[in-house]
Amino acid sequence: MTKVKSVISNVCVFTGSSSGNQKTYAHAACELGRTIADRGMRLVYGGTSAGLMGQIADAALDAGGEVVGVLPRKLAKLEPLIPGFPNCTLSTQCTLVNNV
């Protein structure tokens, strides 16, 4: 699929760190991640691999998108980061902040 560049360059998404109790949530999260990447937008999100946030990020990365995680330092010790965030790659980066 050819990526279409959007006039919007960044989309910030913060969701729950669980997947919810309906499979439609996970499906919608993955669709959102793919759509963000397919439109050439950068995903800015909560920085973990947990729940819907992780599913959105994984889908965006799988579709070739750029992902930026923003995560409080205290949570970085408790929440699972997506693979590659501790050693940032070209398509992913994670910013640890003191407070959100």
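The values are calculated or read from the model by the stated rules, or taken from the named source; none is laboratory data. Computed from a prediction, not measured in an experiment: that's the story for all the values here. Please note: Cβ atoms are built from the backbone with ideal geometry, for glycine as well, and neighbour counts cover all protein chains shown.
Which condition number in (1) touching a helix residue (DSSP H, G or I) at 6+ places or on another chain (Cβ under 8 Å); (2) farther than 15 Å from LEU71 by Cβ; (3) modelled with pLDDT under 90 is the one that GLY47 fails?
The failed condition is (2).
Can you tell me which of VAL68, VAL11, VAL7, VAL100 is at pLDDT below 90, part of a strand (DSSP E or B) and out of contact with any His (no Cβ under 7 Å at 6 or more places or on another chain)?
VAL68
Would you check if MET1 is at pLDDT 75 or above and among the aliphatic types (A, V, I, L, M)?
no
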